[in-house]
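One structure is given here, and the rest of the page talks about it.
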Amino acid sequence: MPRITRSATIRWEGNVARGTGHISGDTGAFGDLPFSLPTRIGAAEGKTSPEELLAAAHGGCITMSLAGELTGADMPPTRLDVAVTIVMDEVEGQGHQIVGSIVEMHAAADGLDDAKLQELVAKADEGCPFSQLLKRAGADVQVTASLA
């Protein structure tokens, strides 16, 4: 696989407590997503956060990885539903840290049984660069899967 690069730009105005920012993907796929500290740590109020974007990135990566594993096993998915929750918590002496990613997968594919699903999900997790990044950083990555 070739080297892949993607970029985003962020504009922030004001101090950390009352300021606001906007995140845009350089591809144009998303733009001007608002975020702020109050909506990061409190009610989202329709704004995003770095943690939500990380959850989306991890989810997209592991979903594509599972689709690849299923396809390679001659069971291309008919549907994959994936939910990811990123957990940030205070770590003694280190401040706030990403401590976990909880992935819940539901898969549908012709001929797929639970044993094969669990085998392929483990491979997908190992093959997902975001899963590996989070694990190397010390985060607890929990992946569960069931047949849809």
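Nothing in this text is a laboratory measurement; each read-out follows from the coordinates by a stated rule. Everything quoted here is computed from the prediction, not taken from an experiment. Methodologically, a virtual Cβ is constructed for each residue, glycine included, from the backbone with ideal geometry; neighbour enumeration extends over all protein chains shown.
Check region 8-29 and report whether any residue there is under 14 Å from the mean Cα position of the chain (by Cα) and either part of a loop (DSSP other than H, G, I, E, B) or over 24 Å from residue 128 (Cα atoms) (or both).
Within region 8-29, not a single residue is under 14 Å from the mean Cα position of the chain (by Cα) and either part of a loop (DSSP other than H, G, I, E, B) or over 24 Å from residue 128 (Cα atoms) (or both).
Among the residues of region 92-121, which ones are of a type outside the set (Lys, Arg) and out of contact with any strand residue (DSSP E or B) (no Cβ under 8 Å at 6 or more places or on another chain)?
Selection gives 92, 93, 94, 95, 111, 115, 119, 120.
Looking at region 81-90, is at least one residue part of a helix (DSSP H, G or I), farther than 21 Å from residue 30 by Cβ and touching a strand residue (DSSP E or B) at 6+ places or on another chain (Cβ under 7 Å)? Explain how you work it out, then say what you get.
The first filter runs over region 81-90 and keeps only residues part of a helix (DSSP H, G or I), leaving none.
Among the residues of region 81-90, not one is part of a helix (DSSP H, G or I), farther than 21 Å from residue 30 by Cβ and touching a strand residue (DSSP E or B) at 6+ places or on another chain (Cβ under 7 Å), which makes the answer no.
Of all residues in region 49-80, which are polar (S, T, N, Q), out of contact with any Lys or Arg (no Cβ under 9 Å at 6 or more places or on another chain), outside any strand (DSSP E or B) and more than 17 Å from residue 142 (Cβ to Cβ)? Write out each step before concluding.
Initial filter on region 49-80 (polar (S, T, N, Q)): 49, 63, 65, 71, 78.
Pick out the ones that are also out of contact with any Lys or Arg (no Cβ under 9 Å at 6 or more places or on another chain) and you get 63, 71, 78.
The next check asks that each one be outside any strand (DSSP E or B); those that pass are 63, 71.
Passing the criteria: only 71.
Does any residue of region 136-144 turn out to be outside any helix (DSSP H, G or I) and polar (S, T, N, Q)? Please lay out each step first, then the result.
In the first step, residues of region 136-144 are kept if they are outside any helix (DSSP H, G or I); the result is 137-144.
Among the residues that remain, those that are also polar (S, T, N, Q) are: 142, 144.
Yes, some residue in region 136-144 is outside any helix (DSSP H, G or I) and polar (S, T, N, Q).
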